[in-house]
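The values are calculated or read from the model by the stated rules, or taken from the named source; none is laboratory data. Every value quoted in this text rests on a predicted model; they were computed, and no experiment measured them. Here Cβ is always computed from backbone atoms with ideal geometry, including for glycine, and neighbour counts include all displayed protein chains.
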Amino acid sequence: MSITSGIVFQVLQSVLVVLIAPLMLGWVNQCRAWLQNRSGAGIWQPYQVLNKLFHKDAVLAHNASSLFRATPYILFGCMWLAVGIVPVLATSLPFAPAADVIALVGLFALARVFVSLAGMDIGTSFGTLGARREMMIGFLAEPAMLMTLFTASLISHSTSLVTIVETLAHRELVIYPSMAFAAVAFLMVLLAENARIPIDNPATHLELTMIHEAMILEYSARHLALVEWAASLKLTAYITIGIAMFLPWGIAQAGDWAGLLIALAVLAVKLALAGAGLALLETISAKMRIFRAPEFLGTAFMLATLGMLIHFLLEI
Amino acid sequence: MPSLPLSSQLINLFAALLLLLAFAMLTQRRILSLINLFALQGFVLVLSTGVVAYSTHQTHLYYSALLTLILKVLLLPWILHRLIRALNVRWDVETLIDIPATMLIGIVLVIFAFNLATPISQIAGTITRSTLGIATASILLAFLMMITRRKAVSQVIGFLAMENGLFFAATSATYGMPMVVELGIALDVLIGTFIFGVFFFHIRETFESLDIHHLEKLKER
Amino acid sequence: MDSSILEPIEAAVTLSVIWIGLGVIGLAFMRAPRLITRAVFPAGALVSLALAATGLWAIGAPPSAAILPAGLPDLPFHVRLDALSGFFLLLLGGVSFGISLFAAGYFRDTGATALGLLSLQYHVFLASMAFVLIADDAYLFMVTWESMALSSYFLVTTEHHEEQNRKAGFIYLLVAHIGAIGILLCFGVLHGGHGDYTFDALRRAELSGFWPTIAFLLAFFGFGAKAGMLPLHVWLPEAHPAAPSPVSALMSGVMLKTAIYGMIRVIYDLIGGIRWEWGLTVLLFGAATSLFGVLFALMQHDLKRLLAYHSVENIGIILIGIGLSMVFIGSGHPVAGALGLIAGLYHTLNHAVFKGLLFLGAGAILKSTGLRNLNEMGGLIRYLPHTALYFLIGALAISALPPLNGFVSEWLTFQASLQAPLLESSVVRSLVPIVAAVLALSGALTGMCFVKVYGVAFLGQHRHELAEKPREASRWERAGMLWLALACFALGLLPVFMIGQLNNVSQALIKAGLPDEAMASGWLWLVPTSSAQASYSPLVFLLVIAAVFGLTFLVVRHVYHGRLRRSDPWDCGFPAQTSRMEDTADGFGQPIRQIFAPVFLIHREIPRADDPRPVFRQEIEDRHWNWLYSPIARLAEFLSGHFGKLQQGRISVYLLYSFLTLIALLIFLQ
């Protein structure tokens, strides 16, 4: 594998994932519409929304600071980096050694802190409400995610995502009970961090029930477009992390063009199934009361820790 | 780490699922889901007994699995469903200590159970050595569930879940119990549930509620 | 290194003596306050820089020792500078450089007498900390430890007309002396009754049976009292807010670290033969301390008290790293132990830098606006843009967010905890994941706390009508904060250099370091064990995010447009937006108060519905006062009351006491 083909693969992966992230969101919404017996807005709707938003004039409050203006770009940059690190299409990419699972969780935490600060920037009650709730969800979701990733790290004796994927994909089929616990915990964290039912309703218009939406109420035009795009990138990143840990088969080696085509096809199938599964999960669950959310996440945290314990006690 | 044969891995997986279900029962608020989880636990036991029977070629374990299926997956949950419908029990179960604290104590119990079971499992020479730890842990967790609940029905389910743990310990450590003992235990459990049901009606008639703290009135002064 | 020119130890001693000299000059010239702020403090800052360079030099050089011409006739002062002391000198010098620069600007309005005394106490404080780090015998150590405590006591009670500050000083001195007794007893145990008190002799003394554990416990709790570990932490939240801000920065940033130095020196070097049970104790206390500290920090609305509780938390994190190291060394895995030690030491340096920065920022706010209560601040980013930027960097660093320095040390601590499969004991193996989970939890809670602090203090609308517009901090203050902010970036983006230095320290201390592959990966990638296992490159992080930021900005403007206009906030169409409608600091912490209610002792006063003048009051107290300190205080009072009966007041009774003592001595001598 030469340096140039590695870089080409890296750029290809980043650009591809960034471009199809809104499609992923559109697919999830379309599946939800079908399950709810509606006709839905079509899978290309998020692209049209982004286009519309970019055309508009940005309106900022009088007391918005430079932090408020910079945050959408920072968010977008963080999410771009995240999808560059996760082995989506191929392993052994040049950027992959730049961050391991702990740094990935730190990256999401950085994005969360900036968007919360932006929510508090203008000084409206909904902004601070959203920031407070987001941090309340985040303080349990982040450790739970970290423990889940540690379970995978302990099995593959490494925190590097590349090594984890290669270990889990190319070993003979072994059933790891600790990964069963980790999978349940990961699913709960995915729902919480991406503002999905049962934690938060992404389609709500009632401000008092919002968590994520409340923080970004003051954004408009291109800023809002970048924030929404970053949110769909985050969802795609989480789904690809889940796929990398729990369904890693079919991934290509960097520099292997034939394997890349197979990897693309396999990825498309996995993402479609994951999106449909997410839509199904959202349709059959109801949104929780806000103070049940920490219990939900506390359970995820305990399950993830238990998964690590099970690894030490059963698998060594 | 050399990987174990498929049957041992499956047993490990079922053991982990058993522990997961024990924890899930610990955190459930509704009695209906408790009963469903209990039925699910029974189903996991059936599968695990089946795998043990297949890998060790002991046919009496197949009968054991069948008995468990009929009793714990079908009959007992049905009886319990009828019971709660007849008693008109409310959905939510209140706990004596809040759920995160219960889970923390649960984790401590798991570590304790494992450290208890390690020397014993080194003597036993069965398929997997750590399933004894999980069985002990699920017994202790079921006990914890019994202690921290207010409504009497959930305590019955805790008692039955304890029996599940014992059964799992028996199948994985000693390849099942003699058939006579097995049938005897099954009969005891069935009769016990009937008697509990009768008691519940009496309790509700006397105190108008199934909250166990009413039973505290039954003392000298 | 040509030792005929200058040895590191001589440089260190000279620089520390210069500090004392500067302090005396400040006192002598107290009628010229401008001289003190313009010359004395900056000169002290230069000395700090030189001391930092000496420390760095000493890490790579072989240990050098000297005997000072001071002390008692038969007990001269021994001093020694090896790699461990060199690292802590680097910490002391580097951080105090920024703080002294800040102090040059901060104290410009202080009255003449106070400034002279302040200058003396400040520089004596710095000098005694330096001497603690290079002391090579128990006598000098205790003398300088005591002078460190005393000088900082006087600094804490600078504004002694407020009763709160006097009480804070009292508690501080009390706990410091309790710790000092523990350390003294530990030295006594190590001494064993023969030989002298130099560290060399203590090192060579052979202890058997239970004595090493007793020495460990005495050292751990003795130094832990000074470090602010649970349950001896109660002085921290009282003393740090009472002191002037540069002093709080120095205490929180550097003084707590001398306690960590003492712990490592005594346990690793003097006692030696580390057992894994000791490591488990340190680990558990560290985990409990970190969680406790951050939970209480979330409940505070006084900015400096909040930062003090965060210091408690970070000491806990340092102890987790050191505890992991001790567990691994005690179980026979020195390489993993080296990783844990390096993680703990790196966090020591990081905490000194970013906590110093945060306290200086709090000082700048206090100086410009006179506000310390978060509930009265708001929107300060418009008036104090530089302070806001530096405070943001400090807040991001302490929340352990990449690519700053706090993340690197937490990353290293996690990597150390993931070496747990090496251990054989299943109890310890099960506990390490729990400790890692607690570490993750306290890291996430820190992020929440600093979103609260930054959002309530700097962002949003003003909550308090200030008499005049706040002015930005002076050039000296900004220079001090800039230095520490740059240090945060440097330690975060280029960690490999410092890791190399820490590897030298670890080699010198426990004769083990990181594997060779770790050191050979170059300056771009941080690799603690092997690159297949884990690697991290903060520069790539920053470059990619910055590149995407810039590219997106340009592309969007090119393809679409960059038009912008200002208007009132949207807020879902609500017409009026006052500052009462945003969250207060207590409001932001409400979810934590609800979830973790049993941990706190909450006194709440809620008005009735028909109250004509409704008042809501809420106080969060530390349960340790009721559980630990009040009972002990009552017992002490009870006992002293009874002992007071000895003071009869009649001369004949006192003569009787002397007579009885004489008889007892005569019997004893027989």
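Matching residues to (1) within 8 Å of chain C (Cβ to nearest Cβ); (2) surrounded by fewer than 24 Cβ atoms within 10 Å (Cβ to Cβ):
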{"residue": "A:38", "(1), (2)": "no, yes"}
{"residue": "A:109", "(1), (2)": "yes, no"}
{"residue": "A:120", "(1), (2)": "yes, no"}
{"residue": "A:123", "(1), (2)": "yes, no"}
{"residue": "A:131", "(1), (2)": "yes, no"}
{"residue": "A:142", "(1), (2)": "yes, no"}
{"residue": "A:145", "(1), (2)": "no, no"}
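Restricting segment A:54-91 to residues that are among the polar types (S, T, N, Q) and crowded, with 20+ Cβ neighbours inside 10 Å leaves a set whose member that is nearest to residue C:567 (Cα to Cα) is A:63. Considering only residues in segment C:423-444 that are surrounded by fewer than 24 Cβ atoms within 10 Å (Cβ to Cβ), in contact with a helix residue (DSSP H, G or I) (Cβ under 9 Å, 6 or more places away or on another chain) and of a type outside the set (A, V, I, L, M, F, W, C), the one that is farthest from the other protein chains (Cβ to nearest Cβ) turns out to be C:425. Looking across segment A:285-316, just one residue is more than 23 Å from residue C:595 (Cβ to Cβ), in contact (Cβ under 8 Å) with a residue 24 or more places away in the chain and not in a helix (DSSP H, G or I), and that is A:315. Just one of the listed residues (C:633, C:609) is part of a helix (DSSP H, G or I), free of Cβ contacts under 8 Å to residues at least 60 places away in the same chain and either of a type outside the set (D, E, K, R) or touching a helix residue (DSSP H, G or I) at 6+ places or on another chain (Cβ under 6 Å) (or both), and it is C:633. Restricting A:135, A:120, A:147 to residues that are touching a residue at least 60 places away in the same chain (Cβ under 8 Å) and in a helix (DSSP H, G or I) narrows the list to A:147. On the stretch given as segment C:374-404, residues that are facing chain A (nearest Cβ under 9 Å), in a loop (DSSP other than H, G, I, E, B), on the phi < 0 side of the Ramachandran plot and aliphatic (A, V, I, L, M) total 1.
Going by what's in this entry, would residue C:620 be described as at pLDDT 85 or above and among the hydrophobic types (A, V, I, L, M, F, W, C)? Judged against the criteria, residue C:620 is a match.
Does segment C:379-387 contain at least one residue that is under 22 Å from the mean Cα position of the chain (by Cα), more than 30 Å from residue A:307 (Cα to Cα) and in the same structural domain as residue C:311 (by TED's automatic domain parsing)? Looking through segment C:379-387, at least one residue is under 22 Å from the mean Cα position of the chain (by Cα), more than 30 Å from residue A:307 (Cα to Cα) and in the same structural domain as residue C:311 (by TED's automatic domain parsing). In this structure, residue C:505 does satisfy being farther than 23 Å from residue C:98 by Cα, at pLDDT 90 or above and within 29 Å of the chain's Cα centre (by Cα). Scoring residue A:157 on the criteria (1) within 14 Å of chain B (Cβ to nearest Cβ); (2) free of Cβ contacts under 8 Å to residues at least 40 places away in the same chain; (3) under 30 Å from residue A:116 (Cβ atoms) leaves a single failure, condition (3). Of A:97, A:87, which residue is within 30 Å of residue A:6 (Cα to Cα) and more than 10 Å from chain C (Cβ to nearest Cβ)? Only one candidate qualifies: A:87. Residues of segment A:201-229 that are in a loop (DSSP other than H, G, I, E, B) and farther than 22 Å from residue A:71 by Cα: A:201, A:203, A:204, A:205, A:206. Sub-9 Å Cβ pairs linking a first residue in segment C:193-207 that is at positive phi and at pLDDT below 80 to a second residue that is among the aliphatic types (A, V, I, L, M) and in a loop (DSSP other than H, G, I, E, B), at least 6 apart or interchain, are C:195/C:205, ordered by first then second residue.
Of everything in segment C:445-459 that's of a type outside the set (A, V, I, L, M) and facing another protein chain (nearest Cβ under 7 Å), which residue is nearest to residue C:287 (Cα to Cα)? So, considering only residues that are of a type outside the set (A, V, I, L, M) and facing another protein chain (nearest Cβ under 7 Å), the one nearest to residue C:287 (Cα to Cα) is C:447.
Residue C:38: assigned by TED's automatic domain parsing to the domain that holds residue C:91, at negative phi, basic (Lys, Arg) and outside any helix (DSSP H, G or I), yes or no? No.
A residue that is in contact with a strand residue (DSSP E or B) (Cβ under 8 Å, 6 or more places away or on another chain), in contact (Cβ under 8 Å) with a residue 24 or more places away in the chain and more than 30 Å from residue A:125 (Cβ to Cβ) occurs nowhere in segment C:439-460.
In segment A:64-91, which residue that is assigned to a loop (DSSP other than H, G, I, E, B) and in contact with a strand residue (DSSP E or B) (Cβ under 9 Å, 6 or more places away or on another chain) is farthest from residue C:559 (Cα to Cα)? Among those residues, the one meeting the criterion is A:89.
Filter segment C:22-58 for residues that are surrounded by 15 or more Cβ atoms within 10 Å (Cβ to Cβ), small (Gly, Ala, Ser) and closer than 21 Å to residue C:121 by Cβ and give the result. Scanning segment C:22-58 gives C:23, C:26, C:32, C:39, C:43, C:44, C:45, C:48.
A quick yes/no check of all residues on (1) in contact (Cβ under 8 Å) with a residue 12 or more places away in the chain; (2) part of a helix (DSSP H, G or I); (3) charged (D, E, K, R); (4) crowded, with 21+ Cβ neighbours inside 10 Å:
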| position | (1), (2), (3), (4) |
| --- | --- |
| A:231 | yes, yes, no, yes |
| A:234 | yes, yes, yes, yes |
| A:243 | yes, yes, no, yes |
| A:248 | yes, no, no, no |
| A:266 | yes, yes, no, no |
| A:272 | yes, yes, no, no |
| A:275 | yes, yes, no, yes |
| A:278 | yes, yes, no, yes |
| A:283 | yes, yes, no, no |
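Each row is one residue, and each column tells you yes or no for (1) acidic (Asp, Glu); (2) within 22 Å of residue C:476 (Cα to Cα); (3) crowded, with 24+ Cβ neighbours inside 10 Å.
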{"position": "C:65", "(1), (2), (3)": "no, no, no"}
{"position": "C:72", "(1), (2), (3)": "no, no, no"}
{"position": "C:75", "(1), (2), (3)": "no, no, no"}
{"position": "C:102", "(1), (2), (3)": "no, yes, yes"}
{"position": "C:133", "(1), (2), (3)": "no, no, yes"}
{"position": "C:156", "(1), (2), (3)": "no, no, yes"}
{"position": "C:166", "(1), (2), (3)": "no, no, no"}
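Of the residues making up segment A:210-218, not a single one is under 25 Å from residue A:178 (Cα atoms) and touching a Leu at 6+ places or on another chain (Cβ under 8 Å).
May I ask you to list the residues in segment A:92-129 that are under 20 Å from residue A:227 (Cα atoms), of a type outside the set (S, T, N, Q) and in contact with a Pro (Cβ under 6 Å, 6 or more places away or on another chain)? Scanning segment A:92-129 gives A:106, A:122. Assess whether residue B:18 counts as being surrounded by fewer than 20 Cβ atoms within 10 Å (Cβ to Cβ) and under 22 Å from residue A:295 (Cα atoms). Spelling it out, it is not the case that residue B:18 is surrounded by fewer than 20 Cβ atoms within 10 Å (Cβ to Cβ) and under 22 Å from residue A:295 (Cα atoms). Scanning segment C:405-422 turns up at least one residue that is surrounded by fewer than 22 Cβ atoms within 10 Å (Cβ to Cβ), in a helix (DSSP H, G or I), more than 10 Å from every other protein chain (Cβ to nearest Cβ) and touching a residue at least 60 places away in the same chain (Cβ under 8 Å). Within segment C:553-574, can one find any residue that is surrounded by 12 or more Cβ atoms within 10 Å (Cβ to Cβ), modelled with pLDDT of 85 or more, more than 7 Å from every other protein chain (Cβ to nearest Cβ) and within 35 Å of the chain's Cα centre (by Cα)? Within segment C:553-574 (the criterion being surrounded by 12 or more Cβ atoms within 10 Å (Cβ to Cβ), modelled with pLDDT of 85 or more, more than 7 Å from every other protein chain (Cβ to nearest Cβ) and within 35 Å of the chain's Cα centre (by Cα)), the answer is no, since none of the residues qualifies.
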